[in-house]
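Asks: Let me give you the structure first, and then I'll get to my questions.
The values are calculated or read from the model by the stated rules, or taken from the named source; none is laboratory data. The structure displayed is predicted, hence computed values, not measured ones. As a convention, Cβ positions derive from the backbone with ideal geometry for all residues, glycine included, and neighbour counts pool all protein chains shown. Surface accessibility is based on the protein's heavy atoms, side chains included, excluding ligands, DNA and RNA. Shrake-Rupley method; radii C 1.70, N 1.55, O 1.52, S 1.80 Å.
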Amino acid sequence: RPRVPTPREQLALRQGSTPLGDDSLFPWGLRGLNNLGNTCFMNSVLQVLLHTPPLRNYFLSDYHNRTVCQKQTPHLCLGCDLDTMYSAAFSGGRSPYSPAEFLHSWWQHAANLAGYDQQDAHEFFISAVDGIHANYGSPCSPTRTNRSAGDGDCCCIAHRVFSGLLRSDVTCTVCSYTSTTYDPCIDISLDLELNIVSDKLFPDSNGDIGRSGRGSPGSFPGFGTSTLLGCLDRFTRPERL
């Protein structure tokens, strides 16, 4: 069941919130991350995690306390490193923050991805979520479980925020019987809309570059109108097996 903030917490959020439209005030949480050597893929995902409301509220409400978590036996915990980053990002500081501790811990969690080579941001996201999940049941968590990362029934914060069920319907074209299956997932891979990506560019009567198809004349080359809803529609459209 989703957690509902108490009246006291709601009051604190209202009093501590900073309007994004007020240029005279610097909103909390808007803090840059230093590139530690081809780590832009990591920084982009970390910024998303830092500003994902359910995840942000969980860590800023001290539901994962790194001091308590490491008190009994120091151990690798991406949750603790993420808790450190939340504290730094929402401290009000404006200088860029270096997520070196998180990077080092992530290297230990995913040794096959360690090093300063450029990595895939989506692959890093899956690895980071798995790392947060792996430490569910540490001293500061309610219970210790042996659930796998793909278990849709896991109650850790990573699964409570990102997990879902992927429904698949297969209908027989002869008898019209439909078989439905549900598979737990924490991510889906979406393809871009092909008609947007493959739009051809052409010069108009004035020599300016325009776009054929659904694009408007004079639109900037290389930029289509592919949307998240369009990609989801492509992902969920029926197909013949």
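Asks: Among residues other than GLU193 whose Cβ falls under 9 Å from its Cβ, what is the net charge (Lys/Arg +1, Asp/Glu -1)?
Replies: For residues surrounding GLU193, the net value is -1.
Asks: Once you have a ≥ b ≥ c as the square roots of the Cα gyration tensor eigenvalues for the stretch 22-104, tell me rounded if a/c is under 1.5, and otherwise prolate or oblate according to whether a/b is larger than b/c.
Replies: oblate
Asks: Relative to the present Cα-Cα distance, how much length would full extension add between ASP62 and GLN10 at 0.36 nm per residue of separation?
Replies: Separation in residues times 0.36 nm, less the Cα-Cα distance, equals 17.2 nm.
Asks: Counting only other residues whose beta carbon sits under 14 Å from that of MET85, what net charge do I get with K and R as +1, D and E as -1?
Replies: Charge balance near MET85 sits at 0.
Asks: Sort GLU9, GLU123, GLU101 from largest to smallest accessible area, using a 1.4 Å probe on the heavy atoms of the protein chains.
Replies: GLU101, GLU123, GLU9
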